[in-house]
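Note sheet for the following structure.
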Amino acid sequence: MTDRPRSPWRCAASLLGAVLLLVVIGVALVFPWIERDRRYTQEIQRLTDQVERYRRMAATLPGLQATQGKVADDPAIGSFYLAGQTANLAAADLQNRLKQMVEGSGGTLVSAQLLPAHEQGGSQMVSVSLRLNCTTEALFDILYKIENARPLLFVDTLSVREQRRRSARPARQTQPEEAIRDLSVRLDVFGYLRGTGS
């Protein structure tokens, strides 16, 4: 057995293959680390930007608190809130106002129920649930009055159903009975009672 000398091309190809194998292994090991480092860098940058935004927002807090104090002390703002020492007194006043609006528009109040008051944004939300019967025109008038009321009132829930009522005509007329359309309306109206802190 004699050893044949290897050709320089074969040695170069083997060396090149070994180098390529090392490069592939290196890339396979290093690339995920580089990618993870890039993602971490991006996340750090995003969080740094977010902290900076929060710092800028926090810097505006004293000015906002001063403005809030001025608004809370403004007597003109008080006209937007319900009057009353307690939520129950304010709800009773609201119920009377709504009754006057309904009857003044030609509607009939079937029932009114005070809903529990709850805290919202430093004020108490006072609600009344109404059931009434009225015509379409009267409903438009009632909603208009609620929308333009002072203190500010808001309709939370509105449910309208048509009721047909037949009016009998005298027997001597041959025309069919005339249908009079009434609406059965359920609506929840709320306003705000100024909080003790404002």
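Taken together, the values in this text are just the output of simple stated rules run on the coordinates, not laboratory data. None of these values were measured; they are calculated from a predicted model. Backbone-built Cβ (ideal geometry, glycine too); neighbour counts: all protein chains shown.
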In degrees, nearest 10, range 0 to 90: what is the angle between the Cα axis of helix 8-59 and the longest Cα principal axis of the chain? 30
Over the chain, with a Gaussian network built from C-alpha contacts below 10 Å, which listed residue (Met125, Met57, Met101) shows the highest mean-square fluctuation? Met57
Mind pulling up the Rg/Rh value for the range 71-119? Radius of gyration and Kirkwood radius, both on Cα. 1.07
Taking the 0 to 90 degree range and rounding to the nearest ten, how far is the long axis of helix 87-104 tilted relative to the main principal axis of the chain, both from C-alpha atoms? 60
Express as a percent, rounded to the nearest 5, the fraction of DSSP beta bridges in the chain (both residues included) that run antiparallel. 95
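Ignoring trypsin sites (Lys or Arg not before Pro) that are buried or in helix or strand per DSSP, and keeping those with at most 10 other beta carbon atoms within 10 Å, what is the longest stretch of the chain between them?
Details: sites that count: Arg6, Arg172.
After excluding every exposed loop site, the longest remaining stretch is 7-171.
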Taking Rh as the Kirkwood radius computed over alpha-carbon pairs of the range 8-59 and applying Stokes-Einstein at 37 °C with viscosity 0.692 mPa s, one gets a diffusion coefficient in µm² s⁻¹ of 227
Select one label from [x] 19.2; [y] 24.4; [z] 18.5: the one whose number is Kirkwood radius over Cα pairs in Å as derived from the coordinates shown. [y]
Which order results if Tyr144, Tyr81 are arranged by neighbouring Cβ count within 10 Å, fewest first? Tyr144, Tyr81
Quick one: what Rg and Dmax do you get for the range 77-193 from the alpha carbons, in Å? 17.6, 66
